[in-house]
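The values are calculated or read from the model by the stated rules, or taken from the named source; none is laboratory data. Computed from a prediction, not measured in an experiment: that's the story for all the values here. FYI the Cβ positions are ideal-geometry reconstructions off the backbone, even for glycines, and counts take in every protein chain you see.
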Amino acid sequence: MSDAILSAHNLVKHFNAGGWGAARKVVRAVDDVSFDVAPGETLGVVGESGCGKSTTARLLTHLLPTDRGEVRFRGRVAGTEVPLKDFRRHVQMVFQDSYASLNPRMTMLDAVAFGPTVHGLDLPEARRRAGALLERVGLDPARFGPRYPHEISGGQRQRVNIARALAFDPDVIVLDEAVSALDKSVEAQVLNLLTELRRERGLTYIFISHDLNVVRHISDRVMVMYLGEVVEIGPTADLYTAPRHPYTEALLAAMPSLDPDRRTMEAPLQGDPPNPIDPPPGCRFHTRCARAFGPCPGTAPVPALVGRRHLASCHLNTVKEAAE
Ligand SMILES: Nc1ncnc2c1ncn2[C@@H]1O[C@H](COP(=O)(O)OP(=O)(O)O)[C@@H](O)[C@H]1O
Ligand SMILES: [Mg+2]
């Protein structure tokens, strides 16, 4: 897809986990991850804890340098063809911890105004815009503008963090578990705000969450990660109703459903993912897969098209004998 607004090309990030020379150990946090995001769409990202979602987000926003691979914004390589200063204005990020993202000694008005002043906007104009943005995210600027982070709730802080991202007039916002720490009712309000803002401003979202219900609600497409790899990516409705990777099936089976008729009989996931320092050979999921067969322990599956804009990396989709 050449009209992508943001794309990841073979991203790799291995963290040092101690040891020297031949004994050196690395955490394969992100291992050859590629995907495209279309302008105006919301791409959901799911996977168990430790599967590399946050590392992918930080590589995508250039908060973390890649070991290999590149990120492109409108087809141009971030960091070379698009200078990072410009790239960071176009691609913003909102994190889970609303408190850690804010300077405890800065008022909410100045927290929102600060970024644009760094990019050269004068302070009175930046504050005027910050007031309008606070208003837009549902916080009365006269009341909340002068407050400090500890004087407002988690939901209000997350609204401030969204306003802070919007202050750059970005095209893309990467939301890493941005609503996960909020109470359900507050979470719903912030999700509604995000949906409105997307429509109003033509924003593109990459929405990372371990909550498959929330991701289904907000995403046009969903990407599933397992041990540093993308195992499936496709349109939300297709992926949720007809998943093509056993890991996706297992995640969906483990998902709490409000409708008992829709609970599947698939075996839920056992235990935690294996250690990413030494991922299993072949298909990384084969050690936990109820449907593993011949090629799975020895050969890594490659992504195959299983539907319109729907890719899955599983031998079940490509090896004939699997069908029997
Ligand atoms: N700075 C770091 N140093 C070492 N290991 C890290 C670092 N950041 C993440 N990891 C490891 O990389 C893997 C992926 O982590 P992460 O991207 O945070 O996953 P997720 O967001 O899906 O929970 C985990 O095994 C995690 O422990
Ligand atoms: Mg994370």
Legend entry - From 15, 87, residue being within 16 Å of ligand 2 (Cβ to nearest atom), without any contact (Cβ under 8 Å) to a residue 60 or more places away in the chain and not in a loop (DSSP other than H, G, I, E, B): 15
Inset, instruction - Filter the range 53-83 down to residues that are crowded, with 17+ Cβ neighbours inside 10 Å, more than 16 Å from ligand 2 (Cβ to nearest atom) and of a type in the set (Gly, Ala, Ser), then give me how many there are. - result: 1
Inset, instruction - For the range 21-52, enumerate the residues that are within 14 Å of ligand 2 (Cβ to nearest atom), of a type outside the set (Gly, Ala, Ser), under 19 Å from residue 179 (Cα atoms) and touching a helix residue (DSSP H, G or I) at 6+ places or on another chain (Cβ under 6 Å). - result: 45, 46
Inset, instruction - Kindly establish whether residue 145 is at pLDDT 95 or above and away from ligand 2 (no atom under 16 Å from the Cβ). - result: yes
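Can you tell me which of 37, 45 is in contact with a Leu (Cβ under 6 Å, 6 or more places away or on another chain) and either surrounded by 22 or more Cβ atoms within 10 Å (Cβ to Cβ) or among the basic types (Lys, Arg) (or both)? Spell out the reasoning first.
Values: 45 fails: in contact with a Leu (Cβ under 6 Å, 6 or more places away or on another chain).
The unique qualifying residue is 37.
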Inset, instruction - Kindly provide the set of residues from the range 54-79 that are away from ligand 1 (no atom under 13 Å from the Cβ) and either in contact with a Cys (Cβ under 8 Å, 6 or more places away or on another chain) or aliphatic (A, V, I, L, M) (or both), ordered by number. - result: 71, 77, 78
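Any idea which of 24, 68, 58, 28 is touching a Leu at 6+ places or on another chain (Cβ under 6 Å) and of a type in the set (D, E, K, R)?
Values: 24 fails: touching a Leu at 6+ places or on another chain (Cβ under 6 Å); 68 fails: touching a Leu at 6+ places or on another chain (Cβ under 6 Å); 28 fails: touching a Leu at 6+ places or on another chain (Cβ under 6 Å).
Among 24, 68, 58, 28, only 58 is touching a Leu at 6+ places or on another chain (Cβ under 6 Å) and of a type in the set (D, E, K, R).
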Legend entry - Test: residue 144 is more than 23 Å from residue 174 (Cβ to Cβ) and touching a helix residue (DSSP H, G or I) at 6+ places or on another chain (Cβ under 9 Å): yes
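Tell me yes or no: at least one residue of the range 222-237 is in contact with a helix residue (DSSP H, G or I) (Cβ under 7 Å, 6 or more places away or on another chain), part of a helix (DSSP H, G or I) and more than 16 Å from ligand 2 (Cβ to nearest atom). Can you show your working first?
Applying the first criterion (in contact with a helix residue (DSSP H, G or I) (Cβ under 7 Å, 6 or more places away or on another chain)) to the range 222-237 yields 222, 224-226, 231-232, 236.
Keeping just the survivors that are part of a helix (DSSP H, G or I) gives 236.
Narrowing further to those that are more than 16 Å from ligand 2 (Cβ to nearest atom): 236.
Yes, the range 222-237 has at least one match.
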Inset, instruction - Identify all residues within the range 104-141 that are assigned to a helix (DSSP H, G or I), modelled with pLDDT under 95 and among the hydrophobic types (A, V, I, L, M, F, W, C); write none if there are none. - result: 118
Legend entry - Candidate set from the range 168-191 (those that are under 15 Å from the mean Cα position of the chain (by Cα), of a type outside the set (Asp, Glu) and part of a loop (DSSP other than H, G, I, E, B)); member that is surrounded by the fewest Cβ atoms within 10 Å (Cβ to Cβ): 180
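Sort out which residues of the range 280-318 are farther than 30 Å from residue 220 by Cβ and not β-branched (Val, Ile, Thr), and write them in order of number. It would help to see each step written out before you state the result.
Quick first cut of the range 280-318, residues farther than 30 Å from residue 220 by Cβ only: 280-282, 286-287, 292-299.
Result: 280, 281, 282, 286, 292, 293, 294, 295, 296, 297, 298.
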Legend entry - The listed residue being touching a Gly at 6+ places or on another chain (Cβ under 9 Å), among the β-branched types (Val, Ile, Thr) and buried (at least 19 other Cβ atoms within 10 Å of the Cβ), out of 112, 137: 112
Legend entry - Cβ pairs under 8 Å, 6+ apart, first in the range 290-310 and of a type in the set (Ser, Thr, Tyr), second at pLDDT 95 or above and not in a loop (DSSP other than H, G, I, E, B): 299/315
Inset, instruction - Just give me the residues in the range 283-305 being more than 23 Å from the chain's Cα centre (by Cα) and β-branched (Val, Ile, Thr), in sequence order. - result: 287, 299
